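The values are calculated or read from the model by the stated rules, or taken from the named source; none is laboratory data. Predicted, not measured: the structure shown is a model, and the values here were computed from it. Reconstructed Cβ throughout: ideal geometry from the backbone, glycine too, with neighbour counts over all protein chains shown.
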Amino acid sequence: MDTGDATYIKQLNRRILIEEIIKNISLSRSDLSRKTGLNKATISAQVSELINEQIVVEKTEGESVTRGRKPILLEINGGAGYSVGIDIDEHNLHFVFCNLKGELFHKEGISLKTVDFDEVMKQLLDYLSPAVSTFNGQFEPIGLVGIGVGIHGIVSNENQIVYTPKQQWSHYHITNLLKEHFDTPVYVDNNANLSVFAEQVYYEHIPDLFCITFYSGIGLGIMNNYQIYRGYQGFAGEIGHMIVEPGGLPCPCGNHGCWERYASEKALQQHLKEWYPDDAPLETVQHLLQTNPDHEVMEQYLDYFAVGLNNIINIFNPEKIVLNGTIINGNTAFIENLEQKLVSKFNNYLEIRASYLGEDACALGGASVALKNFFGVNMLNHVNYHYFKSDMLKPKRSTSS
């Protein structure tokens, strides 16, 4: 065996061990040997390196299973470092901070003053720089391991912003700016891609998963065999610009009749403003869903919603679809009404459900991508930690900066 082969095998074994430790929360060395099939000598050598790097720590089990010594368990050293996820939308910056175990320990929302790219970057750096300085002092010895950024638009496979319909950004590089400022790896992707990745990491560790985001626009994130599917040059998933009404309403993308002009939450709220100009759109939606779900506005909205969803199901035949939007999340009746309109005999899927991560999904996906790359693993699985089964961290109100 030459040196190249030995190095490759060593890296492969390291990846396998880290994936198992993350997935199972804590394991003994004998557990690792049994689950991975690796011999004890290999595990001992690899674990020693991970402990020396302070990526893994040893802990004694509280109760001994036998009369002998209490088993020594291995866990990821959550307090040694952290990652940052950032969701850049038209009007807000949303930050999340996760430790090496993937646990969210801080988040913040900031209202943007402008859509000008340079000004947005200034606001981002003005907030993030002191935050990173603070948390680097708390998470030692590794500190910041990476930053993942979500963009509501097209991002190339080279992390370049190709186009954002709302801000009209074109051919901008965020990666170089953040890398130089924070001296850490930076990953940029479409917000829907990061949202579906977060759903897979925290809730649905299945190889193929779809997530559709409905806020100001509509985006589709696709996990294919545990990997984000980006298509040729990263343009996959721009499902909001599927035409559902030929010659219909104009869209910033240049087409007419795009799905997001009829089925995004922004479109619904604008339509409701015409009917109820003095009422808050979101409250109006909730009221209509409870008292008059057959209202003309809601009925038309669900019709357009179903048209696009029907197309996605028939084209891709997904196992599970997660819908993420302010109106959808936590609203079982909405999805029940929607599924009644999916009547095609070709519609074949296991489940359609609302997101449990909500508006945090994109930023959590960014933080998770940074962790995945730091560990050098193929898959990141935090499902067994049950981080979001309870109100772990109440959201902070957006602030101006």
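A few remarks follow.
- Residues in region 165-182 that are touching a Cys at 6+ places or on another chain (Cβ under 7 Å) and either within 23 Å of residue 376 (Cα to Cα) or in a strand (DSSP E or B) (or both): 0 in all.
- Within region 372-401, tally of residues that are polar (S, T, N, Q), modelled with pLDDT of 50 or more and either touching a helix residue (DSSP H, G or I) at 6+ places or on another chain (Cβ under 6 Å) or within 21 Å of residue 147 (Cα to Cα) (or both): 3
- So residue 284, is it farther than 30 Å from residue 24 by Cβ, surrounded by fewer than 21 Cβ atoms within 10 Å (Cβ to Cβ) and hydroxyl-bearing (Ser, Thr, Tyr): yes
- Complete set of residues in region 216-253 that are touching a Ser or Thr at 6+ places or on another chain (Cβ under 6 Å) and at positive phi: 233, 234
- Options 162, 149: the member that is over 30 Å from residue 53 (Cα atoms) and assigned to a strand (DSSP E or B): 162
- Test result for residue 185, closer than 30 Å to residue 142 by Cα and surrounded by fewer than 24 Cβ atoms within 10 Å (Cβ to Cβ): yes
- Region 318-327, subset farther than 23 Å from residue 85 by Cα and outside any strand (DSSP E or B), residue modelled with the lowest pLDDT: 327
- The condition of being within 27 Å of residue 223 (Cβ to Cβ), surrounded by fewer than 20 Cβ atoms within 10 Å (Cβ to Cβ), out of contact with any Asp or Glu (no Cβ under 7 Å at 6 or more places or on another chain) and not assigned by TED's automatic domain parsing to the domain that holds residue 162 does not hold for residue 319.
- Hey, residue 282 of a type in the set (A, V, I, L, M, F, W, C), modelled with pLDDT under 90 and farther than 30 Å from residue 207 by Cβ or not: yes
- Residue check for residue 107: modelled with pLDDT under 95 and in the same structural domain as residue 187 (by TED's automatic domain parsing): no
- Of the listed requirements (1) more than 24 Å from the chain's Cα centre (by Cα); (2) closer than 26 Å to residue 138 by Cα; (3) surrounded by fewer than 18 Cβ atoms within 10 Å (Cβ to Cβ), residue 37 misses just one: (2).
- Taking (1) more than 21 Å from residue 141 (Cα to Cα); (2) more than 29 Å from the chain's Cα centre (by Cα) in turn, residue 24 satisfies each apart from (2).
- The set of residues from region 233-251 being more than 17 Å from residue 192 (Cβ to Cβ) and of a type outside the set (A, V, I, L, M, F, W, C) comprises 245, 246, 247, 248, 250.
- Cβ pairs under 7 Å, 6+ apart, first in region 133-152 and without any contact (Cβ under 8 Å) to a residue 40 or more places away in the chain and surrounded by fewer than 18 Cβ atoms within 10 Å (Cβ to Cβ), second of a type outside the set (S, T, N, Q) and not in a helix (DSSP H, G or I): 136/143; 136/144
- Tabulated pairs, region 16-27, first in the same structural domain as residue 39 (by TED's automatic domain parsing), second charged (D, E, K, R) and in a helix (DSSP H, G or I), C-beta under 8 angstrom, 6+ apart or interchain: 20/35; 24/31; 24/35; 27/20; 27/35
- Of the candidates 170, 129, the single residue that is more than 22 Å from residue 335 (Cα to Cα), touching a His at 6+ places or on another chain (Cβ under 9 Å) and loosely packed, with under 15 Cβ neighbours inside 10 Å is 129.
- Scanning region 334-371 for residues that are without any contact (Cβ under 8 Å) to a residue 24 or more places away in the chain and not in a loop (DSSP other than H, G, I, E, B) yields 335, 336, 339.
- Residue satisfying all of: in region 107-123; part of a strand (DSSP E or B) and out of contact with any helix residue (DSSP H, G or I) (no Cβ under 8 Å at 6 or more places or on another chain); nearest to residue 83 (Cα to Cα) among these: 109
- Residue in region 270-285 that is basic (Lys, Arg) and touching a strand residue (DSSP E or B) at 6+ places or on another chain (Cβ under 8 Å) present: no
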